[in-house]
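Enquirer: Before anything else, here's the structure in question.
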Amino acid sequence: MLPPNDPNRHNFSGGPGALPRSVLEQLQEAIGAVPEVGLSILGVSHRSDWFAAVVSELEANIRQLLGLPENYHVLFLQGGATQQFSMAPMTWLRGKKEAADYLQTGYWSSKAITEAAREGPLRVLWHGEAGGFRRLPQDEELEFNPAAPYLHYVSNETVEGLQFHRIIGRDDIPRICDMSSDFLSATGPFDKFSLIYAHAQKNLGPAGVTVVIIKDQLLQDAPRDRLPAFLDYHQQIAAHSILNTPPVFAIYTVLLVTRWLRDEIGGLAAMAEINAAKAAALYRLLDDHDDFYIPRAAKADRSTMNVVFNLQSRQREQAFLAAAEAAGFSGLGGHRSIGGIRASLYNGLERAAVDNLIDFMADFRRRSLA
Ligand SMILES: *Cc1c(COP(=O)(O)O)cnc(C)c1O
């Protein structure tokens, strides 16, 4: 059993992120032996009937949670979101004359653009870099190419703490979206997308597995037998995500997380409400004390998952991080590319942890100004 004052409870890391306590407890047991199997999860065959059932239940849970129609495929791949940065353009951009539309809204979309540019023509229809990635574009600022093979964007920029609170693009152009850091955190509609990918280690489990959701219509446009089997969506679908040895432990963890979401939380609408309340409480503290804590993102584009802010000086930020660590909080340092402070409020992080952080921050401010 985990200790009652389990330090995992105050893990605000940007990724790998906090996981629900009940999931960690089940994993602890599964390392010894999975109850239904009698063997350690680390030694269960990926060709066993038990693991085939894990994959199909996980697929069903994700379909149910997202409300996905029948014409979508659900895959569990390896290589992280980074592999999807390449795998999607290898499949749908290579050899094309017309450019795909990409939005550059932060650190991760910039990485996606670099990888896609190797594969085919693309057009960056929004450059957020000049503004320091402090806000997202408004609809009037976006002119989509009606002939683009697809539109790619990142729903939540994990590093800068920017999140789209609406779906962008046109219904007649396939939307491809990296949802790595806000997947399963709120409701859809998800059938507006043709491809969704999200690696596990932000909201769903440990690194090693990436959830990929593909609309059948887009799949039909994917060439066959041109790419290595591992990078071929058709072959991965035909193999039911078990083309080679899959990350059994990571996939099992994501299954436990989807059960937790369904049975303990009550689905995505309930999760969204909890997440919105957590974020609102922390942003309220920042806004109430904006003489001391300086929020990074424009108000309308603030992320519910990653709350990014600065203090007046690097020195004060260092003092903040040291005091936070001494008080039992971890993972609050900003991403190495921009520094500052980042509190990640993923699904597994409880409201009580946010309230404790808020108390600590109010107190730290008082002590610093005294
Ligand atoms: C963390 C992150 C990535 C990187 O994913 P890897 O699994 O490390 O390749 C990509 N996109 C977003 C939005 C992320 O938050």
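Enquirer: Between V159, V37, V211, where does the largest GNM mean-square fluctuation fall for the chain, given springs only between Cα atoms within less than 10 Å?
Expert: Taking springs between Cα atoms under 10 Å, the residue moving most is V37.
Enquirer: Also: Taking a ≥ b ≥ c as the square roots of the Cα gyration tensor eigenvalues, with a/c under 1.5 meaning rounded and otherwise prolate when a/b beats b/c, else oblate, which class fits region 267-369? Spell out each step's value before the answer.
Expert: Numbers: a/c = 1.65, a/b = 1.50, b/c = 1.10.
Note, shape of region 267-369 comes out prolate.
Enquirer: Would you pull out the residues with amide H under 5 Å of L122's amide H, same chain only if 5 or more places away, H placed 1.01 Å from N?
Expert: HN-HN under 5 Å from L122: A100.
Enquirer: Using R₀ = 45 Å, calculate the FRET efficiency as 1/(1 + (r/R₀)^6) where r is the Cβ-Cβ separation of E129 and H240; round to 0.05.
Expert: Details: r = 41 Å, r/R0 = 0.90.
So the FRET efficiency works out to roughly 0.65.
Enquirer: From the backbone phi of region 147-159, what are the Karplus-calculated ³J(HN,Hα) couplings (6.51 cos²θ - 1.76 cosθ + 1.60, θ = phi - 60°) in whole Hz, Gly and Pro given as x?
Expert: Computed from phi, the couplings for region 147-159 are 9, 5, x, 6, 10, 10, 8, 10, 6, 9, 7, 4, 6 Hz.
Enquirer: Also, quick follow-up: Treat region 78-124 as a sphere of radius equal to its Kirkwood radius over Cα pairs and apply Stokes-Einstein at 25 °C in a medium of 0.890 mPa s; give the translational diffusion coefficient in µm²/s, rounded to a whole number.
Expert: Values: Rh = 10.6 Å.
Roughly 232 µm²/s, to the nearest whole number.
Enquirer: Here's another thing I want to ask about it. Among A279, A269, A88, determine the one that fluctuates most according to a GNM of the chain built with springs between C-alpha atoms less than 10 Å apart.
Expert: A269
Enquirer: Moving on. Points 7 angstrom from Cα along the Cβ direction at A276 and K111: gap in nanometres?
Expert: Distance between the two pseudo-spin positions: 3.0 nm.
Enquirer: Which GluC sites (Glu not before Pro) in region 134-192 pass both tests, a DSSP loop state and at most 15 other beta-carbon atoms within 10 Å? Each step should come with its number before you reach the end.
Expert: Working: sites: E140, E141, E143, E157, E160; in loops: E143, E160.
Qualifying residues, ordered by number: E143.
Enquirer: Would you tally the net charge around A277, using a Cβ to Cβ cut-off of less than 15 Å, leaving A277 out, and scoring K and R as +1, D and E as -1? Each step should come with its number before you reach the end.
Expert: Working: positive: K278, R284, R302, R351; negative: E273, E350, D355.
Local net charge: +1.
Enquirer: Something else now. What list of ³J(HN,Hα) couplings, whole Hz, do you get for region 346-362 from phi and the Karplus terms 6.51, -1.76, 1.60, once you set θ to phi - 60° and write x for glycine and proline?
Expert: Whole-Hz 3J(HN,Hα) from phi for region 346-362: 5, 3, x, 7, 7, 3, 4, 5, 5, 4, 5, 5, 4, 4, 4, 5, 4.
Enquirer: How big is the equivalent ellipsoid of the chain along its three axes, where each semi-axis is √(5λ) from the Cα gyration tensor, reported in whole Å from largest to smallest? The partial results should precede the final answer.
Expert: Numbers: eigenvalues 223, 162, 52 Å².
Equivalent ellipsoid of the chain: 33, 28, 16 Å, largest first.
Enquirer: Which lysines, if any, have their Cα less than 17 Å from the Cα of K192, not counting same-chain residues under 8 positions apart?
Expert: K215
Enquirer: To the nearest 0.05, what FRET efficiency results for I167 and D6 with a Förster distance of 41 Å applied to their C-beta separation?
Expert: Working: r = 37 Å, r/R0 = 0.91.
That pair, I167 with D6, gives E of 0.65.
Enquirer: Share of Cα-Cα pairs in region 89-243 beyond 21 Å, in percent? Intermediate values should be presented prior to the final figure.
Expert: Values: 5447 of 11935 pairs.
For region 89-243, the fraction of Cα-Cα distances above 21 Å is 46 percent.
Enquirer: Skipping prolines and chain starts, which residues have an amide H placed within reach, meaning under 5 Å, of the one on M305, given they are 5 or more residues away or on another chain?
Expert: Amide H neighbours of M305: none.
Enquirer: For the chain, which span is the longest to avoid every loop-located (per DSSP) member of trypsin sites (Lys or Arg not before Pro) having at most 15 other Cβ atoms inside 10 Å? Walk me through the numbers on the way to the answer.
Expert: Details: sites that count: R47, R94, K97, R118, R166, R170, R224, R226, R336.
That would be 227-335.
Enquirer: Give me the extension gain from Q28 to R284: residue separation times 0.36 nm, minus the current Cα-Cα distance, reported in nm with one decimal. All intermediate terms of the calculation are to be shown ahead of the outcome.
Expert: Details: separation 256, 0.36 × 256 = 92.16 nm, distance 3.65 nm.
Contour length minus the Cα-Cα distance gives 88.5 nm.
Enquirer: Another one. Per DSSP H run of n ≥ 4, the term is -39500 (n - 2.57); total these for the chain, divide by its residue number, and report the mean residue ellipticity at 222 nm rounded to 500 deg cm²/dmol.
Expert: Values: 10 runs with 130 residues, N = 370.
Value at 222 nm, helices only, nearest 500: -11000 deg cm²/dmol.
Enquirer: In whole Hz, with x marking every Gly and Pro, tabulate ³J(HN,Hα) for region 125-136 from phi via Karplus 6.51 cos²θ - 1.76 cosθ + 1.60, θ = phi - 60°.
Expert: After applying 6.51 cos²θ - 1.76 cosθ + 1.60, I find 8, 8, 10, x, 5, 4, x, x, 6, 9, 8, 9 Hz.
Enquirer: Along the Cα-to-C-beta direction of Q220, a point sits 7 Å from the Cα; which residues of region 125-155 have their amide N less than 20 Å from that point?
Expert: 147-151
Enquirer: Pick out, in residue order, every one of the GluC sites (Glu not before Pro) in region 1-44 that is DSSP loop and has at most 12 other C-beta atoms within 10 Å; say none if there are none. Before the final figure, lay out the partial values.
Expert: Details: sites: E25, E29, E36; in loops: E36.
Qualifying residues, ordered by number: E36.
Since every read-out is calculated from the coordinates, none of them should be taken as a lab result. Fair warning: this is a prediction, and the values are worked out from it, not measured in the lab. Don't worry about glycine lacking a Cβ; one is built from the backbone with ideal geometry, like all the others, and counts go over all protein chains shown.
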